[in-house]
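Peer 1: Got a structure here, written out as structure tokens. Questions coming.
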Amino acid sequence: NAGVTQTPKFQVLKTGQSMTLQCAQDMNHNSMYWYRQDPGMGLRLIYYSASEGTTDKGEVPNGYNVSRLNKREFSLRLESAAPSQTSVYFCASSLSDSMGETQYFGPGTRLLVL
Amino acid sequence: QKEVEQDPGPLSVPEGAIVSLNCTYSNSAFQYFMWYRQYSRKGPELLMYTYSSGNKEDGRFTAQVDKSSKYISLFIRDSQPSDSATYLCAMSRTGGFKTIFGAGTRLFVKA
């Protein structure tokens, strides 16, 4: 089992460019999440999908869109990248979105927006 | 004010020391309390998990929750260089997006 995989590992964008971060899990989990991690801010939830076919905003959704393509895949799209979106992005999954469910994280995507 | 406060450190200790990592929180609705460990350039992984108040021990690690003080701790006994990582506290509640993470404390254990 690969667990949670993310592509790409590293990306440099110019301001205004768009890109999609890909995430897939092979644990048959129902819930998936996108976080960003910035120094001193910890992990902040961007969007989450409690189950296939549903998505909801998290704490910092502005400038992002998501697609739950199927049960395995959850993508994050930046339509017009800004320097403030320079961060490390983590995808995670859990069996459900119930209180206390363990989340399993991918290795992260490092994004630099110039 | 953040819902979960965690000192970012860094915390540097000699090998064999007892390490105490702490978080405070403001929302009494949190009921599950977790500690994640994150090695450099890796994703976080669950280390310890506690429901409500009390202590939980797993090998060299002890998690402690004091709901009356809204304070949680992770103790590491006989610390090893391999424990060098960032430790994130996390708390979970019902409703909305349920898990909130602390900013993480960077720990260095020197051989």
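The values are calculated or read from the model by the stated rules, or taken from the named source; none is laboratory data. The structure presented is a predicted model; accordingly, all values stated were derived computationally and were not measured. No Cβ is skipped: glycine too gets one built from the backbone with ideal geometry, and neighbour counts run over all protein chains shown.
Peer 1: Out of all the residues in region B:1-35, which are within 14 Å of B:I76 (Cβ to Cβ) and either of a type in the set (S, T, Y) or part of a strand (DSSP E or B) (or both)?
Peer 2: Within region B:1-35, B:L11, B:S12, B:V13, B:P14, B:V19, B:S20, B:L21, B:N22, B:W35 meet the criteria.
Peer 1: Which of the numbered conditions does B:N27 fail, given that it passes all the others? Conditions: (1) over 13 Å from the mean Cα position of the chain (by Cα); (2) more than 14 Å from chain A (Cβ to nearest Cβ); (3) surrounded by fewer than 16 Cβ atoms within 10 Å (Cβ to Cβ).
Peer 2: Unmet condition: (2).
Peer 1: Determine which single condition B:G43 fails, assuming it passes every other condition in (1) part of a strand (DSSP E or B); (2) at the interface with chain A (Cβ under 9 Å from one of its Cβ atoms); (3) free of Cβ contacts under 8 Å to residues at least 60 places away in the same chain.
Peer 2: Failing condition for B:G43: (1).
Peer 1: Next up: Does B:K56 satisfy the criteria of being part of a strand (DSSP E or B) and of a type outside the set (G, A, S)?
Peer 2: So B:K56 fits the description; yes.
Peer 1: Among the numbered conditions (1) at the interface with chain B (Cβ under 10 Å from one of its Cβ atoms); (2) surrounded by fewer than 16 Cβ atoms within 10 Å (Cβ to Cβ), tell me where A:Y35 comes up short.
Peer 2: Evaluating A:Y35 over (1) at the interface with chain B (Cβ under 10 Å from one of its Cβ atoms); (2) surrounded by fewer than 16 Cβ atoms within 10 Å (Cβ to Cβ) leaves (2) as the failure.
Peer 1: In region B:34-54, is there at least one residue being surrounded by 13 or more Cβ atoms within 10 Å (Cβ to Cβ), under 23 Å from A:A2 (Cα atoms), among the polar types (S, T, N, Q) and at pLDDT 95 or above?
Peer 2: Within region B:34-54, one or more residues are surrounded by 13 or more Cβ atoms within 10 Å (Cβ to Cβ), under 23 Å from A:A2 (Cα atoms), among the polar types (S, T, N, Q) and at pLDDT 95 or above.
Peer 1: Now for a separate question. Could you check region A:93-114 and list, in sequence order, the residues that are in contact (Cβ under 8 Å) with a residue 40 or more places away in the chain, buried (at least 17 other Cβ atoms within 10 Å of the Cβ), among the small types (G, A, S) and not in a strand (DSSP E or B)?
Peer 2: Selection gives A:G106, A:G108.
Peer 1: Taking only region A:40-94 into account, find how many residues are under 14 Å from the mean Cα position of the chain (by Cα), farther than 19 Å from A:N28 by Cβ, more than 9 Å from every other protein chain (Cβ to nearest Cβ) and among the acidic types (D, E).
Peer 2: Of the residues in that region, 0 qualify.
Peer 1: Name the residues in region B:82-97 that are at pLDDT below 95, of a type outside the set (A, V, I, L, M) and either part of a strand (DSSP E or B) or surrounded by 23 or more Cβ atoms within 10 Å (Cβ to Cβ) (or both), would you?
Peer 2: B:S92
Peer 1: Considering only region B:1-16, how many residues are at pLDDT below 90 and either within 12 Å of chain A (Cβ to nearest Cβ) or surrounded by 13 or more Cβ atoms within 10 Å (Cβ to Cβ) (or both)?
Peer 2: 5
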